[in-house]
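Following: one structure in structure tokens, then a few remarks.
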Amino acid sequence: MAMTTRQRARMSKTIQIAIFIIAIIALVLAVDWDKAVYAFFSFDKLGPMFPGMILVGLKNTIFYTIISFAFGLVLGLLLALMKMASFAPYRWFATAFIEFFRGIPAILVLLAFGFGLPQAFGTQWPQPVNVMCALGLVSAAYIAETLRAGLQAVPKGQTEAARSLGMPAWRAMVTIVIPQAFKIVLPPMTNEIILLTKDTSLAFILGASMAQYEMTKFGRDGISQIDAGITPLVVAGLFYLVITIPLSLVARKFESRAAKTKR
Amino acid sequence: MSSDTNKLSVHASGVEITGLRKAYGSNEVLKGIDLNVAPGEVVCLIGPSGSGKSTLLRCVNLLEQPNGGTIMVGGFNATDPDVNLDKMRQQVGMVFQQFNLFPHLTVLENCTISPIKVLKRKKAEAEKIALGHLERVGLGDFGDRYPDQLSGGQQQRVAIARALSMEPTLMLFDEPTSALDPETVGEVLSIMKNLAQAGMTMLVVTHEMAFAKEVADRVFFMDGGVVVEEGKAADVIGNPQQPRTQDFLRRVLDPTHVDI
């Protein structure tokens, strides 16, 4: 039977609504809600997690993110400049570094710092330093590529104009190119910070004293110590959103302000 | 405008180019150019696209690295590997076809950034000088705007003011009106004319034959990487001797004229 376009559209909509309703009914009937609520939403039993979750866990997650990002940013900028260098071995090194650290899981790098280096060299670095180095190296690989793309997106004429005004190459880079590249790299950079925030959760693998717990570690301990299903992890997840969503909002604000002054 | 013109105290310097060669790979763009510009002189470079005029201009402040020959600018030997390039470029203002204003800086900041950062001028002093030049180009009230808020002609005038704010002794113009809407070409050309009258040494790559004829002291016609004809502006443009020059000028001055 042939249908008109309108009939077909109406039919399609009816089917979509029907599937939606059936799915909800199935969910309501199939799920044991008492169990599910217990497993995910036993918020009332979480008293013992606080205020440590915030005062230690949230604090450490933010702290690890900041030091790792700072290290990654400096190293990433260095790598980006190396990748654009005229001296070929610099470019080779940067490319090798980037490919290596972008290609292996962050958790392996963490393990290397936490267990490999102490075994090999007898070093005993504090946990924050291990986390900063490991996550910093990994994020530097991503940041380098982002920065390079941003720096190269600034038209060549900008450098030429700056140089023809007597600016040395570094001055042209600092005063003219980098500020313009900053606006270009802001969105991917926000992504990078958000990824990094989540990657700090891997720090639990190194084991740590209570004072060095970050949020995921708190969540994991919560599971074993509190009879509340995985609710402690749900809470940890919510706190990650508390960090990442404002980050996105701030970045968006920056972007729209940048758009206003852009050519 | 004429009283403004007198405000500009120009310490003009000259340019001496001998045997200049430039090649990109096996593609020879400049095949031994000799050209000099006396202090205070205005020289226009004309010729078809790809004739090497822009490359020649860009060699003068070493935005392009020559492969041979010498370039003397003011007291500097630009082709000496040990030359202080930044010091030399402080003397050489450059105006680009695409303006190349700094989009993240205001008009006034565009004109003060290099005097402050490079010449180490005090901010107030740099702003005073920059405002003077912005007034020269008729944009004294535009200091707070951003480049994207200006028309093409206005942007190019800012670019001229920006170059002048470094108080150069020589100005290079690389097809300064080629990217402009036809109705804004005149405002830029008239500023360049004023600058010429104020005694600035100017080397101008242009397709504006009327401007070249009126303002230039001498004109060089280039084709295929060599200077085909040079002489007084009125002679080269008004009464060219070389067939290639004649042919080029016929096409430029009368675009509807086609010989097939």
In a Gaussian network model over chain B where Cα atoms closer than 10 Å are linked, find which of B:Val29, B:Val92, B:Val158 has the largest mean-square fluctuation. B:Val29
Using a cut-off of 15 Å between beta-carbons, work out the net charge of the residues near A:Pro168 (Lys and Arg +1, Asp and Glu -1, A:Pro168 not included). +4
Please report the antiparallel percentage of the DSSP beta bridges confined to the protein assembly as shown, to the nearest 5. 55
Please figure out what share of the DSSP beta bridges in chain B is antiparallel and state it in percent, rounded to the nearest 5. 55
To the nearest 10 degrees, how steeply does helix A:231-261 sit against the main Cα axis of chain A, on a 0 to 90 scale? 40
Treating the angle as unsigned and between 0 and 90°, give the value, to the nearest 10°, between the Cα long axis of helix B:243-253 and the longest Cα principal axis of chain B. 50
Please compute the Kirkwood hydrodynamic radius of the range A:80-221 from all pairs of different C-alpha atoms, in Å with one decimal. 17.3
Once the Cβ-Cβ distance between A:Lys59 and B:Ser151 is put in as r, and R0 is 60 Å, what FRET efficiency do you end up with, to the nearest 0.05? 0.65
Show log10 I(q)/I(0) for the range A:1-121 at q = 0.18, 0.19 Å⁻¹, two decimals, from a solvent-free Debye sum over equal Cα scatterers. -1.10, -1.16
As a footprinting exposure proxy, order B:Met171, A:Met82, A:Met173 by other Cβ within 10 Å, with the fewest listed first. A:Met173, A:Met82, B:Met171
Roughly what % of Cα-Cα distances in chain A sit above 27 Å, to the whole percent? 56
With N set to the number of residues, divide the alpha-carbon radius of gyration of the range B:1-141 by 2.2 N^0.38 Å and report two decimals. 1.19
Efficiency of FRET between B:Lys31 and B:Asn77 - r from beta-carbon atoms, R0 25 angstrom, step 0.05: 0.70
Between the Cα axis of helix B:182-197 and the main Cα principal axis of chain B, the angle (0 to 90°, nearest 10) is 80
Can you give the convex hull volume of the alpha carbon atoms of the range B:142-234 per residue, in Å³? 118
Estimated FRET transfer efficiency when R0 is 25 angstrom, pair B:Glu125-B:Lys193 (beta carbons, to 0.05): 0.30
Computed on Cα atoms, Rg of the range B:58-119 relative to 2.2 N^0.38 Å comes out at 1.29
Its Cα gyration tensor gives the range A:119-192 an equivalent ellipsoid whose semi-axes in whole Å, largest first, are 35, 15, 9
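Using +1 on the beta carbon of Lys and Arg, -1 on that of Asp and Glu, and nothing else charged, what's the dipole of chain B about the Cα centre, debye to 20?
For chain B, the charge dipole is close to 600 debye.
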GNM, chain A, Cα, under 10 Å: largest mean-square fluctuation among A:Trp125, A:Trp170, A:Trp92? A:Trp170
Based on the Cα atoms of the protein assembly as shown, what semi-axes does the equivalent ellipsoid have, where each is the square root of 5 times one gyration tensor eigenvalue, given in whole Å with the largest first? 63, 30, 23
Quick one: net charge around B:Leu20, please, counting Lys, Arg +1 and Asp, Glu -1 for every other residue with C-beta under 11 Å from its C-beta. 0
Listing A:Asp32, B:Asp34 from the residue with the fewest other Cβ atoms within 10 Å to the one with the most, what is the order? A:Asp32, B:Asp34
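A short reminder: the numbers here are calculations on the coordinates, not readings from a lab. All of these numbers come straight from a predicted model, not from anything done at the bench. Every residue, glycine among them, receives a Cβ derived from its backbone with ideal geometry; neighbour counts consider all protein chains shown.
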